[in-house]
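See below for the structure under consideration.
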Amino acid sequence: MTRHKGTLGADYFEGMFRGTADPWDLETSAYEQGKFERTIAALAGRTYPRGFEIGCAKGVLTQKLAPRCDTLLSIDVSTTALEAARQRNRQSAHIDFERMAFPGQAPDGVFDLVVLSEVAYYWDDADLDLAGNWLREHVAIGGDILLVHYTGETDYPQSGDEAVGSLFAMLKSQIRVTEAHREPRYRVDVWQRRR
């Protein structure tokens, strides 16, 4: 399988969301629902003043993160996905949705929870470096970085294990691993910022 060489851009994701109502079966798959449950369980009941979700898609995981955050900023590169996410989460006034192509575009401020669920493997090496540098500066001391990634073969710029491994190598002196869980098809990692 030939991999994409560069970071996958907005056109790729907009095409996916316009092409089908549920491109990755996030709303309907038992596998995805189980993965979302395992993702939330990895937070071990913690709540956060300020959360940031990168790549919210149609807001299925957003809906599950919302009760854990006093405020939540959820971003995506697809306007189609964001509109669906806003509709799904319209009862949650504490969620802000923005179109943003992270890591090239990133919010200011410091966050207590940053969620990278099924996104880091879409980035090339340069964007992984940008993401790691942003995380160094924008995760609060004691805050959590939650990563969830498919571990099978893809044609993305990185595998799930490569993407998580690269970010870990950049951040390992500043984090403590509090969760490193593997299932047959995905991994869930939680890193707490310690300094």
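The values are calculated or read from the model by the stated rules, or taken from the named source; none is laboratory data. These figures come from a predicted structure and were not determined experimentally. Cβ: placed from backbone, ideal geometry, glycine included. Neighbour counts: every protein chain shown.
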Considering region 75-113 alone, what residues qualify as being closer than 18 Å to Thr47 by Cα and crowded, with 21+ Cβ neighbours inside 10 Å?
-> Ile95, Phe111, Asp112, Leu113
Somewhere in region 126-133, is a residue touching a Phe, Trp or Tyr at 6+ places or on another chain (Cβ under 7 Å), among the hydrophobic types (A, V, I, L, M, F, W, C), modelled with pLDDT of 95 or more and buried (at least 16 other Cβ atoms within 10 Å of the Cβ)?
-> yes
Among Arg136, Arg86, the single one that is touching a residue at least 12 places away in the same chain (Cβ under 8 Å), touching a Leu at 6+ places or on another chain (Cβ under 8 Å), basic (Lys, Arg) and over 23 Å from Glu37 (Cβ atoms) is Arg136
Search region 63-83 for residues that are touching a residue at least 12 places away in the same chain (Cβ under 8 Å) and among the acidic types (Asp, Glu) and pair each with any residue that is buried (at least 19 other Cβ atoms within 10 Å of the Cβ) and in a helix (DSSP H, G or I) when their beta-carbon atoms are under 8 Å apart and the residues are at least 6 apart or on different chains.
-> Asp76/Phe13; Asp76/Leu82; Asp76/Ala85
Selected residue (criterion: nearest to Val139 (Cα to Cα)) from residues of region 27-74 that are crowded, with 17+ Cβ neighbours inside 10 Å and among the hydroxyl-bearing types (Ser, Thr, Tyr) = Tyr48
Any idea which residue in region 142-195 is surrounded by the most Cβ atoms within 10 Å (Cβ to Cβ), counting only those that are assigned to a loop (DSSP other than H, G, I, E, B) and in contact with a Phe, Trp or Tyr (Cβ under 7 Å, 6 or more places away or on another chain)?
-> Gln158
When you go through (1) under 14 Å from the mean Cα position of the chain (by Cα); (2) more than 26 Å from Arg38 (Cβ to Cβ) one by one for Phe111, which number turns out not to apply?
-> (2)
Residues that are free of Cβ contacts under 8 Å to residues at least 60 places away in the same chain, basic (Lys, Arg) and farther than 18 Å from Asp112 by Cβ, drawn from region 159-195 | Lys172, Arg182, Arg187
